[in-house]
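The values are calculated or read from the model by the stated rules, or taken from the named source; none is laboratory data. Predicted, not measured: the structure shown is a model, and the values here were computed from it. Using ideal geometry, Cβ is built from the backbone for each residue, glycine included, and neighbour counts are taken over all protein chains shown. Protein only, heavy atoms only, side chains kept; ligands, DNA and RNA dropped before computing areas. Shrake-Rupley method; radii C 1.70, N 1.55, O 1.52, S 1.80 Å.
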Amino acid sequence: MLLDKHLLEKIIETALATGGDFAEVYCEETVSGSIQTVGGLVEKANSRKIVGVGVRIAHKLQSVYGFSNSKNPEDLLKLASDLSKSFTDETKTKPTKLGELEVGKKHRVKISPLDVKQSEKVEMLKKAYKAAKAYDEVIQQVMVNLTEWVQTVLIANSEGRYVTEDRTRIRIGINAIAGKDGMMQTGYEAPGTGKGYEYFMEDVNLEDIARDAARIAKTMLFADECPSGVMPVVIDNEFGGVIFHEACGHSLEATSVAKNASVFCGKLNQQVASAIVTAIDDGTIENGWGSANFDDEGYPQQRRVLIENGILKSYMVDKLNSRRMEHQPTGSSRRESYRYSPTSRMSNTFIDNGTSTFDEIIASTEYGLYAAKMGGGSVNPGSGDFNFAVSEGYIIRNGKIAEPVRGASLVGNGAEILWKIDMIANNLDRARGMCGSASGSIPADVGQPTLRVSSITVGGKKGAK
Amino acid sequence: MFIEKLFEKAKKAGISDVQVFLNNMNELSIEVFEGHLEKYEISDSSSMVIRGIYQGKMGTYSTEIMDEELIDTIVSTIIESAKIIDSPDEAVIYAGDSKYEELTDLFNEELKSMDVAKKIEKVKNLDALFHAADPHVSIVETMYAEQTKTVMLQNTKGLKLFNKVNSSMLGGQVIVKSESDQRTGFDLIITNDFNDYHNEEFSKKVVGDAVKTLGAKPIPSGNYEIVFDRDALGVLLSAFSGIFSAEAVQKGMSLLKGKLGSTIGSDLVTLVDDPFMKKSSRSRSFDDEGVATKYKELIKSGVLTTFLHNLNTAKKDNVTSTGNGFGGSVSAVNLGLLPGSHSKDELIKMIKNGIYVTDVQGAHAGANSVSGDFSLQAMGFLVKDGVIGVPVALITVAGNFIKLLQDIEAVGNDVKTGYYGITCPSIKVGPMVVAGL
């Protein structure tokens, strides 16, 4: 195993020797692999081994962090000792002795990536390629890429936490390019899972997903430019949830709330959204893409109701930021790897089911944009201003989905958009994403039912209608 | 020892040639909040990429530990990964060039050895200046980060190369508040010379620029002439830098396919890749494949003159590598748009009815490097008859990258290297589609 208990205790002791009041050791061993195919041929295959240890010490509101690739006890004790020099306090904190190692038992996988032959993985990717390529003659290029990893973490801290777990992730990205007369458009799908390969054998049909990527590329190739202006927008379920993730989720993370830098500061138990909005961040969903047994401070992951019927109920809070806030930690601390000190992050974040249906929402919209597939987006938590790309869009005319449009983007303000959600359907579903922020790039699910925003700025090349 | 043993065992297992690329990073970062040191991080870490040719195909393994125990795994994994490769690309491990540029100013010992306490003082000083710069300032996060990056390449063809650079950045984010609005300002100075940090002037500019955006609102949708500030242009250029990669072109993923030698932009546009740029932590005399890097013009006075190549793409196009093989793919080192003759004020004065765009957001999703289309969130100021007016936010600016290059009417002389590693001035372009109210 990663580091032995005695050494962990010694590192923690060394870390607290100068007056730090909290110390933590995070050990990681990750085996990852990737295979890239272009035009159905394998171009690159890479395997990677990541091994490292991160040491964090806190004293009141200050923290120091350092990491090393070395497993050598002297190097790690020196790292802890070097870091501890940042603090001098007469009052010393005595670390709690580590007890039995707690092993995370949820989110087990049946077929680990480590037990599947490379040739079998390649075969899967090629099938996906063939399905997408055969979809239509305008499909000129298809890239199918596999990324997978098995991360083992061991976390120990001065409060006696001593936990370990394995985290498996597999994702296959399918990028189809449709072209005609010098024009090119893309379609992208990227199913992923916190299960093992059983997901691709039992839960989803990769070829159908590949055809869907091709369908989007073809649809967008023949689509007109999106008109611009302020209009109602119906955002479909699954990845449509990126809107809540970017527009509101980031501003509910302690990373910005603790510093009073979020538009949602001081709004607990106040109404921040239209009364039909309930939003949840749940890191406990069985084998969820953003789930884990423990957060990266070693505390149990939790289900957090962020907004309930429009009322702000909770932020997402890590241990150190909780010291600045009158708010208990919520098991929300995450990081990409030992190269990052952890901070509060989302896990699987979604808006909960409403009472409308998809058909009702479309039928009651006279004119607007139907965003069937969203691309990514970003937010400035300081102002709350956000943007998203729409990767598959259609005009809604007289309550019916009409012609496809491409190149649309949505811009708005996170605090405002929550009030403008006026219809929510009952078809909640989630989709995979990679979220990049202060503590690196981590897997995070986004999700929602189909919903309507009564008015939002749509940007497109066609100009005002 | 590790490398020699690895080479030996690989050869025995039938791997014809092997190359190791070692990357060592020594990092320091400091964050100050409300006048106090909040976060302090140090690290020293290594990673190694090992590539080996087995039966004509390239296998790859990356590791962060160089245990001799791992060698057998490395060798067998390289063979295993080479076996599944079925693209006809010829795998090459490079014997080297006759000459590599001598780069002298990339590592500054003075910066590396300077007392940490002095660095912390500098950050605290900047933090205090941010707070004092204007009564609207409410929250400030100030940071400093420094890295020393050493790369070493060694292969069984006898090539051994070494490069050491260091760089640091100092800057921060400020939140400014008025009664009815909250806005942010952010900037960093990236250099390897501590003397380049002028806190007084820098803090005034960051805060001043942020305060000016208070009260920013959308404007009516329509067509507006645009001046892209150098920071905003840097984001755009960065989002589209991939289209110059021959790999993207050969795979049919670049809109520049078939355009070599033709005019793709205004004659004011000269875009270069300068791997020898001073004070850039990306500067290198060789790429990750061991090929000597070189200065090149990608677009010369509007004409597309070359793509960027690694060994593989060069072979396919029957040219020589441009020394742009990085991370197993192809990318520019220091992309730069050469400056023109106008000051930024002159560019703004050219606008009759338009927007001076200071910031664009969302390029990772809202810019499609395959089609060239973009629709990005923008901020800036309304300009009427050359005079800067009210601040503007929550608008989108939409267009196509190639059309943008063609529509450049004037190029500024205010070059700066931005956060995304692109060096460019501000530019003035013709009318673009803006969505707002």
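Of note:
- Qualifying positions in segment B:49-95 - part of a loop (DSSP other than H, G, I, E, B), closer than 19 Å to B:Gln154 by Cβ and open to solvent by less than 40 Å² (accessible area, probe 1.4 Å): B:Glu64, B:Ile65, B:Ala91, B:Ile93
- Among (1) assigned to a loop (DSSP other than H, G, I, E, B); (2) under 30 Å from A:Phe264 (Cα atoms); (3) open to solvent by 30 Å² or more (accessible area, probe 1.4 Å) - the single one B:Ile219 does not satisfy: (3)
- Matching residues in segment A:224-242 - criterion: being away from every other protein chain (no Cβ under 12 Å) and under 14 Å from A:Pro449 (Cβ atoms): A:Val234, A:Ile235, A:Asp236, A:Asn237, A:Glu238, A:Gly240, A:Gly241
- Unique match (being within 9 Å of chain B (Cβ to nearest Cβ), open to solvent by less than 20 Å² (accessible area, probe 1.4 Å) and within 30 Å of B:Met143 (Cβ to Cβ)) among A:Gly33, A:Gly66, A:Gly20: A:Gly66
- Among the residues making up segment A:406-416, those that are surrounded by 24 or more Cβ atoms within 10 Å (Cβ to Cβ) and either out of contact with any Phe, Trp or Tyr (no Cβ under 8 Å at 6 or more places or on another chain) or not polar (S, T, N, Q) (or both) are A:Arg406, A:Gly407, A:Ala408, A:Leu410, A:Val411, A:Gly412, A:Gly414.
- Residue in segment B:297-309 that is within 30 Å of B:Val434 (Cα to Cα), out of contact with any helix residue (DSSP H, G or I) (no Cβ under 8 Å at 6 or more places or on another chain), within 14 Å of chain A (Cβ to nearest Cβ) and open to solvent by 60 Å² or more (accessible area, probe 1.4 Å) present: no
- Evaluation of A:Glu189 against (1) within 14 Å of another protein chain (Cβ to nearest Cβ); (2) on the phi < 0 side of the Ramachandran plot (one fails), failing number: (1)
- Candidate set: segment B:1-43, residues that are over 30 Å from B:Tyr144 (Cα atoms) and in a strand (DSSP E or B); chosen: the one most open to solvent (accessible area, probe 1.4 Å): B:Ser16
Okay, residues lined up against (1) of a type in the set (A, V, I, L, M); (2) closer than 30 Å to A:Val109 by Cα:
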| residue | (1), (2) |
| --- | --- |
| A:Asp203 | no, yes |
| A:Ile235 | yes, no |
| A:Ala254 | yes, no |
| A:Gly266 | no, no |
| A:Ser274 | no, no |
| A:Ala279 | yes, yes |
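- Count of segment A:69-78 residues which are aliphatic (A, V, I, L, M) and open to solvent by less than 20 Å² (accessible area, probe 1.4 Å): 1
- Complete set of residues in segment A:221-242 that are farther than 14 Å from A:Tyr370 by Cβ and among the aliphatic types (A, V, I, L, M): A:Leu221, A:Val230, A:Val242
- Test: residue in segment B:133-151 that is charged (D, E, K, R), surrounded by fewer than 17 Cβ atoms within 10 Å (Cβ to Cβ), in contact (Cβ under 8 Å) with a residue 12 or more places away in the chain and more than 30 Å from B:Ser98 (Cβ to Cβ): yes
- Qualifying position, being charged (D, E, K, R) and not in a loop (DSSP other than H, G, I, E, B), among A:Lys106, A:Lys130: A:Lys130
- Of the strands (runs of 3 or more DSSP E) lying entirely inside segment A:325-402, those containing at least 2 residues that are touching a residue at least 40 places away in the same chain (Cβ under 8 Å), surrounded by fewer than 21 Cβ atoms within 10 Å (Cβ to Cβ) and not aliphatic (A, V, I, L, M) are A:367-379.
- Residue in segment B:395-404 that is open to solvent by 50 Å² or more (accessible area, probe 1.4 Å), closer than 23 Å to B:Gly242 by Cα and within 14 Å of chain A (Cβ to nearest Cβ) present: yes
- Within segment B:7-55, tally of residues that are among the hydroxyl-bearing types (Ser, Thr, Tyr) and closer than 22 Å to B:Asn163 by Cα: 4
- Members of segment A:389-428 found to be under 25 Å from A:Glu308 (Cβ atoms) and more than 14 Å from chain B (Cβ to nearest Cβ), listed by number: A:Leu418, A:Trp419, A:Ile421, A:Asp422, A:Met423, A:Ile424, A:Ala425, A:Asn426, A:Asn427, A:Leu428
- Selection from segment A:161-181 of residues that are open to solvent by 20 Å² or more (accessible area, probe 1.4 Å) and more than 14 Å from every other protein chain (Cβ to nearest Cβ): A:Arg161, A:Tyr162, A:Asp166, A:Arg167, A:Arg171
- Scanning segment A:257-309 for residues that are of a type outside the set (Asp, Glu), open to solvent by less than 20 Å² (accessible area, probe 1.4 Å) and outside any loop (DSSP other than H, G, I, E, B) yields A:Val257, A:Ala279, A:Ile280, A:Phe294, A:Arg304, A:Leu306, A:Ile307.
- Within segment B:361-392, the set of residues being in a strand (DSSP E or B), open to solvent by 10 Å² or more (accessible area, probe 1.4 Å), farther than 16 Å from B:Ala210 by Cβ and more than 9 Å from chain A (Cβ to nearest Cβ) comprises B:Leu382, B:Lys384, B:Val387, B:Gly389.
- Single match in A:Lys110, A:Lys126 (criterion: more than 12 Å from chain B (Cβ to nearest Cβ), at negative phi and modelled with pLDDT of 95 or more): A:Lys110
- Pairs are defined by a Cβ separation below 8 Å, a sequence spacing of at least 6 or placement on different chains, a first member in segment A:417-432 that is on the phi > 0 side of the Ramachandran plot, and a second member that is crowded, with 22+ Cβ neighbours inside 10 Å; no pair meets this definition.
- With a requirement of 1 or more residues that are at pLDDT below 95, open to solvent by 10 Å² or more (accessible area, probe 1.4 Å) and more than 15 Å from A:Met374 (Cβ to Cβ), the strands (runs of 3 or more DSSP E) lying completely within segment A:417-465 that satisfy it span A:429-437, A:451-459.
- Test: residue in segment B:186-201 that is within 10 Å of another protein chain (Cβ to nearest Cβ) and of a type in the set (S, T, N, Q): no
- Qualifying positions in segment B:26-61 - farther than 30 Å from B:Leu126 by Cβ, hydrophobic (A, V, I, L, M, F, W, C) and at the interface with chain A (Cβ under 9 Å from one of its Cβ atoms): B:Val49, B:Met58
- Qualifying residue in segment B:69-76 (condition: in contact (Cβ under 8 Å) with a residue 40 or more places away in the chain, within 9 Å of another protein chain (Cβ to nearest Cβ) and among the hydroxyl-bearing types (Ser, Thr, Tyr)): no
- Residue count for segment A:217-242, restricted to those that are part of a helix (DSSP H, G or I) and open to solvent by 10 Å² or more (accessible area, probe 1.4 Å): 5
- Residues located in segment A:310-323, provided they are surrounded by fewer than 24 Cβ atoms within 10 Å (Cβ to Cβ) and hydrophobic (A, V, I, L, M, F, W, C): A:Ile311, A:Leu312
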